[in-house]
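Engineer: Structure below; questions to follow.
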């Protein structure tokens, strides 16, 4: 009896030890998985930084940041035409922000008004039908939008322009921006929807109690209360527009023009990265390395937008808790 | 007395008028909101319709009917019926001869060459496959349908404008007259383009298909899923269930939210510099593509998995712990299965 109890005690303690080792190993695996996301960020920062530093050893960083001329060639012979490539990123940034601004002028009114209608006016049934329909727009691959922009919208805008005597490039910023705006509508609408839904009902009731109509309550009470959430959403959408690639590769141009004219062809940071890296490239020419410098620039710009947006949204959440 | 009454009356009239205006603006505001949704859905419908109405033509392919003389002297002069011999024969010549016989008045070299362009270069292989499948065809004359070339196919589909000068379009006036003749004799037919689903890319549009691209997409997705799903779910489990609430887990949280908003092209650059540059993995392989996609989708999976884990009531975990389960057992035997069930 005594020995049996002791044997079983030894047995369970051994089982417990095995169990403990397994759990320790499992925990190690879990921690390892959780660090993958961190490692990815570190990998992004280091690979961009490292390749960019190699680029800046060939092209001064001031030329890159403040140069007004972008024509990325590296000469094979010294007497070649255009032998000295110029790597001024300003026209690319200007093009990127021009297209993003057009996209936001399309997306913000449509997205915000849709969100207001869906969250404040629509009946439950209408909302259950309309919201998923709107979200189809977000589920369409961007390459389809690019195709649509390049083959349908751009010729349409060009023909409309020639109808009224305007000379519009078939790779106009307007076509790419407008289609990008359509893509971003559900993004803005769903983030604004969340912000509007987070406004406490007591504010709504107070507005009605003071005799305001529903529209007045929305405009003067609910929208101001939801504004931080909405502007956070708009910043996130902006970051998305800046980083959008397929639409601009297909519908925007490749010539770097420094212009604010939405009817002209402009190019963007993302479109240039794609153009620089497709095809056969040597890995250490300034031309290839400039893609990483552009990538670093893009990463930093979107990071600023994202951090600002997340901070605004976070601060706003605490307000009503 | 009457004065104040009058003033009150005037006020209420003013209020009534302003009320009407306020109700009008209410209606307007509501209408604008509805119009915004309708417009957004209108864009969607327009996009789907315009792509659908342009794209559906790719599912059709024009075929040309020819009288092919499977000449034994050309295909198998020795009469061996050896597949190696049969597959080396000049089937292109058979196609050309059939076309020549059909249009005997086409004489000049240039015209003949453009006549030969009626049939796709895949036509000779279609004939070869027929002969290999049924050698008894040799020596007979049969009516055969062959794939038309891309230019003729586009002309048949109405995608080549015929009212512009000859040198501004892909097919010449002569070719159009041959096309019309073939068409009036019932020798042109539009069929379902099954080759579109069974072949890879090609320089000849009529022979191109999406199979290779589809397989590549499938492989990339497979790699992506095999990597991102377990890593994403396990890191969600760690962050939601085990991670101590401190600065480090705060940083991880912010990091994941930021990573979710990093542009996809930056992930591409990471793949180029790290996976191809540092680790020397093979270029253009679905392995590299899938891994980069996995890193890109990881934050989304983590956020979604955390949300569904958070939705499992903590009482379940407490109950399991109370019954003597270890932390690990409580999480993996009770919380994770329930969270997974919620997700599906």
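The values are calculated or read from the model by the stated rules, or taken from the named source; none is laboratory data. This one's a predicted model, so the numbers in the text were calculated from it and none came from an experiment. Cβ sites come from the backbone with ideal geometry, for glycine too, and all protein chains shown count toward neighbours.
Engineer: I need the full set of residues from the stretch B:268-296 which are more than 11 Å from every other protein chain (Cβ to nearest Cβ) and either touching a strand residue (DSSP E or B) at 6+ places or on another chain (Cβ under 6 Å) or under 17 Å from residue B:222 (Cβ atoms) (or both), in order please.
Structural biologist: The answer is B:281, B:282, B:284, B:285, B:286, B:287, B:288, B:289, B:290, B:293.
Engineer: Here's another thing I want to ask about it. Which of the residues that make up the stretch B:202-239 are more than 32 Å from the chain's Cα centre (by Cα) and either away from chain A (no Cβ under 14 Å) or modelled with pLDDT of 95 or more (or both)?
Structural biologist: none
Engineer: In addition: Among the listed residues A:263, A:276, A:297, A:196, which satisfies the condition of being assigned to a helix (DSSP H, G or I) and in contact with a strand residue (DSSP E or B) (Cβ under 8 Å, 6 or more places away or on another chain)?
Structural biologist: Checking each option against the conditions leaves just A:276.
Engineer: Hey, another quick one. Condition first: in contact with a helix residue (DSSP H, G or I) (Cβ under 6 Å, 6 or more places away or on another chain), assigned to a loop (DSSP other than H, G, I, E, B) and closer than 15 Å to residue B:181 by Cβ. Now tell me which residues in the stretch B:104-135 satisfy that.
Structural biologist: Correct list: B:106, B:118.
Engineer: Of all residues in the stretch B:311-324, which are out of contact with any helix residue (DSSP H, G or I) (no Cβ under 7 Å at 6 or more places or on another chain) and surrounded by 12 or more Cβ atoms within 10 Å (Cβ to Cβ)?
Structural biologist: Within the stretch B:311-324, just B:319 meets the criteria.
Engineer: Does any residue of the stretch A:132-155 turn out to be over 30 Å from residue A:266 (Cα atoms) and within 13 Å of another protein chain (Cβ to nearest Cβ)?
Structural biologist: Among the residues of the stretch A:132-155, at least one is over 30 Å from residue A:266 (Cα atoms) and within 13 Å of another protein chain (Cβ to nearest Cβ), which makes the answer yes.
Engineer: Among the numbered criteria (1) touching a helix residue (DSSP H, G or I) at 6+ places or on another chain (Cβ under 6 Å); (2) modelled with pLDDT of 85 or more, which one does residue A:72 miss?
Structural biologist: Here residue A:72 clears every test but (2).
So that you can scan it fast, the table gives a plain yes or no per residue for (1) at pLDDT 85 or above; (2) surrounded by 13 or more Cβ atoms within 10 Å (Cβ to Cβ):
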position: B:122; (1), (2): yes, yes
position: B:143; (1), (2): yes, no
position: B:146; (1), (2): yes, yes
position: B:153; (1), (2): yes, yes
position: B:160; (1), (2): no, yes
position: B:169; (1), (2): no, yes
position: B:185; (1), (2): yes, no
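Engineer: Another question, if that's okay. Quick check on this structure: which one of A:169, A:189 is within 14 Å of chain B (Cβ to nearest Cβ), surrounded by 13 or more Cβ atoms within 10 Å (Cβ to Cβ) and either touching a helix residue (DSSP H, G or I) at 6+ places or on another chain (Cβ under 6 Å) or assigned to a loop (DSSP other than H, G, I, E, B) (or both)? It would help to see each step written out before you state the result.
Structural biologist: Values: A:169 fails: within 14 Å of chain B (Cβ to nearest Cβ).
Within the list A:169, A:189, the selection yields A:189.
Engineer: So how many residues does the stretch A:239-260 have that are in contact with a strand residue (DSSP E or B) (Cβ under 8 Å, 6 or more places away or on another chain) and either within 12 Å of chain B (Cβ to nearest Cβ) or farther than 12 Å from residue A:96 by Cα (or both)?
Structural biologist: 1
Engineer: Here's a follow-up. Can you report the number of residues in the stretch B:305-344 which are closer than 22 Å to residue B:229 by Cβ and within 14 Å of chain A (Cβ to nearest Cβ)?
Structural biologist: Counting residues in the stretch B:305-344 that are closer than 22 Å to residue B:229 by Cβ and within 14 Å of chain A (Cβ to nearest Cβ) gives 10.
Engineer: Another one. Quick one: in the stretch B:268-307, which of the residues that are within 22 Å of the chain's Cα centre (by Cα) and in a loop (DSSP other than H, G, I, E, B) is farthest from residue A:293 (Cα to Cα)?
Structural biologist: Only one residue fits best here, namely B:285.
Engineer: Take the residues in the stretch A:223-234 that are buried (at least 22 other Cβ atoms within 10 Å of the Cβ) and within 13 Å of another protein chain (Cβ to nearest Cβ), then tell me which one is nearest to residue A:313 (Cα to Cα).
Structural biologist: Of everything passing the filter in the stretch A:223-234, A:232 is nearest to residue A:313 (Cα to Cα).
Engineer: A further question follows. Which condition does residue B:196 not pass, out of (1) surrounded by 13 or more Cβ atoms within 10 Å (Cβ to Cβ); (2) assigned by TED's automatic domain parsing to the domain that holds residue B:254, if it passes all the others?
Structural biologist: Among (1) surrounded by 13 or more Cβ atoms within 10 Å (Cβ to Cβ); (2) assigned by TED's automatic domain parsing to the domain that holds residue B:254, the lone unmet condition for residue B:196 is (2).
Engineer: Take the stretch A:195-220 and flag every residue that is within 14 Å of chain B (Cβ to nearest Cβ) and either surrounded by 17 or more Cβ atoms within 10 Å (Cβ to Cβ) or closer than 21 Å to residue A:100 by Cβ (or both).
Structural biologist: A:196, A:207, A:212, A:213, A:215, A:216, A:217, A:218
Engineer: Something else about it: Could you list all residues from the stretch A:21-55 that are out of contact with any helix residue (DSSP H, G or I) (no Cβ under 7 Å at 6 or more places or on another chain) and within 30 Å of residue A:285 (Cα to Cα)?
Structural biologist: Listed by number, the residues that qualify are A:39, A:42, A:45, A:46, A:50, A:53.
Engineer: Something else about it: Quick one: which residue in B:179, B:221 is touching a strand residue (DSSP E or B) at 6+ places or on another chain (Cβ under 8 Å) and either surrounded by 17 or more Cβ atoms within 10 Å (Cβ to Cβ) or not in a loop (DSSP other than H, G, I, E, B) (or both)?
Structural biologist: Residue meeting the stated conditions: B:179.
Engineer: For the stretch B:240-267, how many residues meet the condition of being within 36 Å of the chain's Cα centre (by Cα), within 8 Å of chain A (Cβ to nearest Cβ) and in a helix (DSSP H, G or I)?
Structural biologist: 11
Engineer: Here are the criteria: (1) exposed (fewer than 15 other Cβ atoms within 10 Å of the Cβ); (2) under 28 Å from the mean Cα position of the chain (by Cα); (3) at pLDDT 85 or above. Tell me which single one residue B:61 does not satisfy.
Structural biologist: (1)
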